[in-house]
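Heads up: the structure comes next, in structure tokens.
Computed from the coordinates by the stated procedures, all read-outs in this text should not be read as laboratory data. Since the model is a prediction, treat every value here as computed from it, not as a measurement. Counting neighbours? That spans all protein chains shown, and the Cβs are built from the backbone with ideal geometry, glycine included.
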Amino acid sequence: METDFQELDLRPGARLYVNPTDKFKTLSIRVMLQQELRPVATSLGALVPRVLRRGTSELPSMRLISQRLEELYGSRLTAEVSKVGDRQVLMLGLDMPSPALLGEGDDLLRQGVRLLSSVITSPVLSGGTFDERLVEREKDTLITHIESIVNDRTQYALMRCVEEMFKGEPFGLFELGKVDELRAVTPSVLYDHYRTLVGTAPVHAFVVGPVDPDTVHRMLKESLDLPPRDSRQVSSELAPALNRELRTIHERFPIEQSRLVMGFRTHTGLTSESLYSAMVFEGILGGYPHSKLFMNVREKRSLVYYIQSILDSNKGLMFIVAGTSHEKIHDVQEVAGEQIDAIRQGKFNDFEFDATKQAISHRIRSSADSPHVQIGLEYEHLLAGRKTSVAERLGRLEAVDRDQVMQAATRVELDTVYTLSKGGGVE
Amino acid sequence: MKLERTSGAVFQESLYRGTTAAGLNFFCLPRRGYNKQHAALAIDFGAVDLNFVSVRTGLPVRVPAGVAHFLEHKMFERKGRSAFDEFSRIGAQANAYTNYTLTSYVFSTTGQFEKALTLLLRLVTEPYLTSQTVEKEKGIIEQEIRMYRDMPAVRAETNLMQALYHHCPVREEIGGTVESVKSTTVETLRDCFETFYVPGNMSLFVTGDVNPEQAFEIASAANWTAGDGDGEATGVTPGEAAGASDLPRRLPCPDEPGSVRAPKVEERMASSMPIALVGFKDSVTGLSGKALASRQAAGDLALLALFGRSSLAFEQMYETGLITDRFSFVFDSEHTYSHAVLGGETPYPERLAEQVARVAAEARKNGPGIETVNRLKRKVIGEFATLFNSPERLARVFCSLVFKGMGLFEYYDILRNVSLEDVQEVLGSGFLPERQAVSVIRPEEMGT
């Protein structure tokens with residue numbers, strides 16, 4: 001049940017974490033680079049992985065890379081960015097079906113490792129920098145992506161709420177960057193930024209799957225040509241106590257179903273002693289179908305089609321997200337607030353408490369059943385500077401009592417209410 | 001009875017199968033080293049099953065669109081409580097989905113698997129249907145329909161199905177319309193329940209950290225007498241329940257002409273960029289079993305060869321800004337319908353549709369070569385192997401195959417054996433210009 005990552009030196013300042021296991025039919029390799037969320041840099045960081053997957057010196061087009069991936073039995077190349085606390089994380093990865101399973105040997109693995117390495121370290125260049133047409137094309141596509149977020153009304157509303165909560169702060173920056181910043185990017189500026197990232201940014205590499213750690217370690221050392229760096233992490237702060245009034249934002253938009261997002265500060269992070277009480281509180285509130293929000297706002301009152309809460313312990317935040325009709329937005333907000341008050345006052349029964357603990361325990365146990373979740377958790381814990389085993393996490397969850405849940409509920413602070421609907425402002 | 005075991009040697013896995021005395025089809029694929037147990041109970045009843053003979057009246061009926069999905073919602077209701085709670089109580093997470101051809105009820109757990117499996121089996125035998133609860137559900141389903149109607153990509157697809165098909169129920173949205181949901185009655189839902197929710201029309205698939213014999217024992221103990229949804233069964237032994245061994249009698253939908261209903265449909269809605277979807281109505285339908293699975297596999301390969309990331313067409317369309325990297329395609333072949341759908345966001349919907357038609361026409365004359373097909377076969381074979389990593393995805397694929405009479409390892413063999421000729425055949429008959437329709441979504445003015 002344990003996910004045991006072995007830690008190995010890759011390059012000075014870069015570590016490799018390998019979990020050898022026959023449980024999976026694939027080998028998952030992930031290389032993570034991190035940088036601070038900053039204006040412009042975040043836009044450049046979002047563009048880099050997109051340009052890297054466009055070609056290597058050996059396979060100078062996306063079509064040729066795709067053909068190679070097909071030859072490698074449908075291996076999958078991942079190049080994406082995410083936000084982990086105040087950091088932007090660039091992730092480049094390869095998932096390949098286990099060579100042994102397909103009657104192939106280490107050579108297939110070597111080809112896979114080499115492909116991923118060259119995507120990271122030897123991109124296709126033209127005149128010593130990124131090709132201009134290629135960069136323009138990727139700028140356009142990324143801008144299209146950013147603009148299309150509005151087509152997923154819920155994701156858009158959540159993104160806007162975060163933006164409003166952290167206006168002018170690093171965490172308020174969207175991980176895919178900003179349209180006007182992207183338009184201004186030139187190939188040489190982007191190439192310089194790429195060189196800085198590959199040359200100095202903190203790096204972690206992960207491998208999970210049926211593999212001999214020494215073999216994959218040797219292969220990565222051979223082909224992933226990264227210069228030495230210091231192993232310092234990018235720092236990240238929990239959202240501090242609110243020092244302003246509650247913010248209310250309403251946007252008009254021609255949609256059939258209105259969206260409501262309530263953003264809270266939890267003052268609880270991955271290394272906080274009270275992490276597990278915050279998780280149980282959030283679970284009782286809105287994480288599951290048995291939770292108060294679903295049962296009371298949807299099932300009893302029929303106020304929404306969906307409603308749930310989301311916890312971000314990297315930054316110490318919680319969100320309530322709902323889809324409803326314009327006239328009901330006010331009621332939904334009120335009833336959701338009542339549910340938090342109820343938990344503060346200890347008004348939750350044994351069933352809500354036990355079922356939530358069991359659900360979280362299920363999530364912790366089953367995290368070991370997915371290579372990507374394993375890697376994601378290992379990385380988050382490395383960033384937070386606190387490694388915990390599955391057994392330790394289960395133990396800390398078990399120890400949470402009702403009083404601690406009430407305290408966790410009391411700690412949350414409503415920061416911003418964001419609504420998106422075709423009607424006018426919401427009182 | 002003893003379970004029959006087949007091994008998929010290449011995957012180093014075994015599949016156990018059996019049939020319970022009541023007629024339920026049972027399948028189990030244990031996964032060593034997993035913490036999780038996952039089960040999917042699939043009913044061969046989906047959004048396209050609108051015409052059938054009611055077992056209650058013995059008469060043919062035509063039910064309102066969206067009824068399979070409606071019934072799925074209602075199956076979770078118990079007298080004064082929700083079946084979700086019963087799963088939560090023992091630390092299991094339950095869910096369900098309905099697509100065009102089936103309804104599936106699933107749970108995952110890392111603890112009390114036996115209890116959860118018993119609950120899952122009870123879930124599909126005990127509907128609690130009253131006019132009051134059915135009326136209340138209509139509001140919830142209406143909100144769900146409205147949510148999907150706000151999604152430009154979903155709307156583009158719905159409109160395309162309506163353009164491709166004249167009569168076949170695949171043209172209806174899976175959840176139905178606000179009107180069809182409103183016209184659904186308790187009687188309609190009972191008709192559907194009693195006709196389709198019989199053990200012989202269901203398949204149970206369990207995977208993860210499970211013991212096949214033990215799981216089969218639990219499945220065999222299921223009580224198939226429909227209770228009243230408050231958890232009290234009436235004590236009829238399995239297999240004796242009325243209709244338990246009768247399979248539903250589906251009626252064919254009115255003859256679907258070969259032509260498309262409209263070559264082009266267009267709608268405006270709040271969207272960041274136009275969307276264009278091109279659909280080809282296959283001229284071959286009515287297949288089943290191996291023939292159906294082979295056509296599906298050949299259709300997938302044909303689309304990959306023509307429009308996949310490694311194709312010239314993709315490269316050209318992407319480089320000229322006609323498509324983004326979210327351009328996608330799917331070949332969907334079922335007994336009563338078959339079509340290919342491809343497209344995505346584009347600044348130039350007409351040019352994209354023309355380009356797709358041109359590539360398809362060219363491929364009918366001058367199709368992909370054997371090297372391309374062999375390379376793509378490596379891809380689909382490898383991707384099939386990765387399915388085994390995820391109990392949830394494995395269960396989903398299993399359920400999508402099982403009612404076509406197709407097993408997991410059998411389908412793997414079909415993937416391995418698709419020939420260049422199969423691909424050429426599907427290109428010749430599945431992508432005809434006169435059977436093509438285009439659905440376009442254009443942005444209307446966005447919010448302030």
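Taking the Cβ of each residue in B:T188, A:T56 as the centre, tally the other Cβ atoms inside 10 Å and list the residues starting with the fewest.
The order, fewest Cβ neighbours first, is B:T188, A:T56.
Near B:K36, which aspartates and glutamates are there with a Cα under 17 Å away, not counting those fewer than 8 places off in the same chain?
Leaving aside aspartates and glutamates fewer than 8 places away in the same chain, those within reach of B:K36 are A:E2, A:D22, A:D369, B:E13, B:E114, B:D209, B:E392.
With +1 on each Lys and Arg Cβ and -1 on each Asp and Glu Cβ, how big is the dipole of the range A:6-223 about its Cα centre, in debye rounded to the nearest 20?
120
Suppose R0 equals 25 Å. What FRET efficiency, 1/(1 + (r/R0)^6) with r the Cβ-Cβ distance, do B:L3 and B:R89 give to the nearest 0.05?
After rounding, the FRET efficiency stands at 0.25.
Relative contact order of chain A: what whole-number percent is it, with Cα pairs under 8 angstrom and at least 6 residues apart? All intermediate terms of the calculation are to be shown ahead of the outcome.
Values: 792 pairs, mean separation 95.5, N = 427.
Relative contact order, chain A: 22 percent.
Grab the alpha carbons of chain A, take their convex hull, and tell me the volume per residue in Å³.
149
Count neighbours as other Cβ atoms within 10 Å of each site's Cβ, and list the GluC sites (Glu not before Pro) in the range A:307-405 that are DSSP loop with at most 10 such neighbours.
Here no GluC sites (Glu not before Pro) fit, given the DSSP loop and packing criteria.
Report, as an integer, the average count of C-beta atoms from other chains found within 10 Å of each Cβ along A:69-80. Before the final figure, lay out the partial values.
Values: counts 6, 14, 6, 3, 10, 12, 5, 4, 1, 0, 0, 0.
Counting Cβ atoms of other protein chains within 10 Å of each residue's Cβ and averaging gives 5.
May I ask you to compute the full-extension gain from A:D152 to A:S57, defined as 0.36 nm times their residue separation minus their alpha-carbon distance, rounded to one decimal in nm?
Numbers: separation 95, 0.36 × 95 = 34.20 nm, distance 3.69 nm.
Length gained between A:D152 and A:S57: 30.5 nm.
If each DSSP helix of 4+ residues adds -39,500 (n - 2.57) and the sum is divided by the residues in chain B, what number results at 222 nm, nearest 500 deg cm²/dmol?
Only helices count here, giving -12500 deg cm²/dmol.
In whole angstrom, how far apart do the alpha carbon centroids of the range B:59-95 and the range A:80-109 sit?
A separation of 39 Å, based on Cα centres.
Under 27 Å Cα-Cα from A:K221, which lysines qualify once same-chain neighbours fewer than 8 residues away are excluded?
Partners within reach: A:K23, A:K25, A:K387.
Using the Kirkwood radius built from alpha carbon pairs, what does the Stokes-Einstein equation give as D for the range B:264-444 at 10 °C and 1.306 mPa s, in µm² per second? Numbers along the way, then the final one.
Details: Rh = 17.1 Å.
For the chosen part, D equals 93 µm²/s.
Using 7 Å Cα-to-Cβ label points, what is the B:S419/B:N366 separation (nm, one decimal)?
Taking the two extended label points, one gets 2.5 nm.
Take a quick pass over the range B:264-444 and tell me how many lysine pairs come in under 24 angstrom between Cα atoms, counting only ones 8 or more apart or on separate chains.
Going through the range B:264-444 pair by pair, I get 10.
First measure r as the distance between the Cβ atoms of B:D255 and A:N349, then evaluate 1/(1 + (r/R0)^6) with R0 = 41 Å and state the FRET efficiency to the nearest 0.05.
Details: r = 57 Å, r/R0 = 1.40.
Working from the Cβ atoms, E equals 0.10.
At 37 °C and 0.692 mPa s, what whole-number value in µm²/s does Stokes-Einstein give for the translational diffusion of the protein assembly as shown, with Rh from the Kirkwood sum over Cα pairs? Display every interim value, and only then the final one.
Details: Rh = 28.8 Å.
The diffusion coefficient I find is 114 µm²/s.
Evaluate the relative contact order of chain B (contact order divided by residue number), counting alpha-carbon pairs under 8 angstrom at least 6 apart; express in whole percent.
So the answer I get is 21 percent.
Could you identify which residue out of B:E142, B:E179, B:E425 has the top mean-square fluctuation in a GNM of chain B using Cα springs shorter than 10 Å?
B:E179
Describe numerically, in nm with one decimal, the distance between label points set 7 Å from Cα along Cα→Cβ at A:S82 and at A:E136.
Placing both labels 7 Å beyond Cα along the Cβ direction yields 3.5 nm.
For a quick check: sort B:K182, B:K379 by the number of other beta carbons within 10 angstrom, fewest at the front.
Numbers: B:K182 14, B:K379 25.
Ranked by crowding around the Cβ, least crowded first: B:K182, B:K379.
Within the range A:16-48, name every residue whose backbone N is under 11 Å away from a label modeled 7 Å from Cα of A:E222 along the Cβ vector.
none
If I stretch the segment between A:I310 and A:A184 completely, what's the gain in nm (0.36 nm per residue apart, minus their alpha carbon distance), one decimal? Display every interim value, and only then the final one.
Working: separation 126, 0.36 × 126 = 45.36 nm, distance 3.46 nm.
Roughly 41.9 nm would be gained on extension.
Please say if the range B:7-250 is rounded, prolate or oblate, where rounded means a/c under 1.5 for a ≥ b ≥ c the square roots of the C-alpha gyration tensor eigenvalues, and otherwise the choice is prolate for a/b larger than b/c and oblate otherwise?
Working: a/c = 1.59, a/b = 1.37, b/c = 1.16.
Prolate shape, in that a/c is at least 1.5 and a/b is the bigger ratio.
Any idea what the alpha-carbon Rg over 2.2 N^0.38 Å comes to for chain B?
So chain B has a normalised radius of gyration of 1.02.
Please report A:D403, B:D246 as a ranked list, fewest other C-beta atoms within 10 angstrom at the top and most at the bottom.
The most exposed by this proxy come first: A:D403, B:D246.
Nearest 0.05, what FRET efficiency do A:S126 and A:T215 give at R0 = 35 Å with Cβ-Cβ as r? Before the final figure, lay out the partial values.
Values: r = 36 Å, r/R0 = 1.01.
The calculated FRET efficiency here is 0.50.
Measure off 7 Å from each Cα along the Cα-to-Cβ vector at A:E392 and A:E7, then give the distance between these two points in nanometres to one decimal.
Here the answer is 1.1 nm between the modelled labels.
Averaged across B:130-143, how many Cβ atoms of other chains sit within 10 Å of each residue's Cβ atom? Could the numbers behind the result be given before it?
Values: counts 0, 0, 0, 0, 0, 0, 2, 1, 0, 4, 6, 1, 2, 12.
Mean partner shielding for this stretch: 2.
Shape call for the range B:1-40 from the C-alpha gyration tensor, a ≥ b ≥ c root eigenvalues: rounded (a/c under 1.5), prolate (a/b greater than b/c) or oblate?
Because a/c hits 1.5 or more and a/b fails to exceed b/c, the range B:1-40 counts as oblate.
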